[in-house]
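Below is one structure, written out as structure tokens; the observations come after it.
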Amino acid sequence: MLSDRVRRAVQSAAIAGSFVFIFAIVALADDRRQNTAGEFDFYVLSLSWSPSYCESAKERKGRPDPQCNGRPFAFIVHGLWPQYAQGFPSYCQVRAEKLHRATVGGALDLMPSPRLVFHEWERHGTCSGLSPHAYFEAVRKARAVVKIPAGYLSPAEPLSVAPDEVAAAFEKANPGLPAGAIAVACDATRLTEVRICMGKDFSFDDCADVVAHACKHDKIAMPAVHGE
């Protein structure tokens, strides 16, 4: 006969094993969808604050980027990212379909760097289930939905802003954009991106996991848009 102590230990182990089995089943379900092109829940349109990117690139002394030389940029499209309710797929084609020169050139008014266009297609576009042409058309449709607040179109002086203030300005400029569909991202000191969640029909969509990773600083800098 087993003692009560041993019996309780066996029962606890059995319960723990059941939880492990359940979690394994959930993980397996996620793995079946993970990085499968076209199987995702919603999009994130990521709008990068180009002056912050260029300041950061200058500090890193990396390769020159076209968006940081010549014509000044404010918010540009970083990418249109397929997302799961939690997490996101990436690199859904190990050998991504090659981008034609016309496709790259046609995206440069929104994403002013060929390197960025190639990267976004390989990492995120391949997970959309769309052809390259259709994916960048989707990028254009998503961008057309969002209006940039007037105060952020081309500020000639640097701004000090609260993330909530930026989010509120976007919500005001875009009727129907809920607080649960926008996240302001930052590095240690600067605003880096505004991320807006959309359904596959490009309507605004709540996204708790994306919003949970928003910038937590009270104040952040928005470097000025510099003239040519």
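Which of (1) in a helix (DSSP H, G or I); (2) surrounded by 17 or more Cβ atoms within 10 Å (Cβ to Cβ) is the odd one out, the single condition Phe88 does not satisfy?
(1)
Which one of these is at pLDDT 95 or above, under 28 Å from Phe170 (Cα atoms) and assigned by TED's automatic domain parsing to the domain that holds Ala142: Ser46, Ser56?
Unique residue meeting the criteria: Ser46.
The values are calculated or read from the model by the stated rules, or taken from the named source; none is laboratory data. As the structure is a computational prediction, the values presented were derived from the model and not from experiment. When we count neighbours, we look across all protein chains shown, and the Cβ atoms used for this are built from the backbone with ideal geometry, even at glycine.
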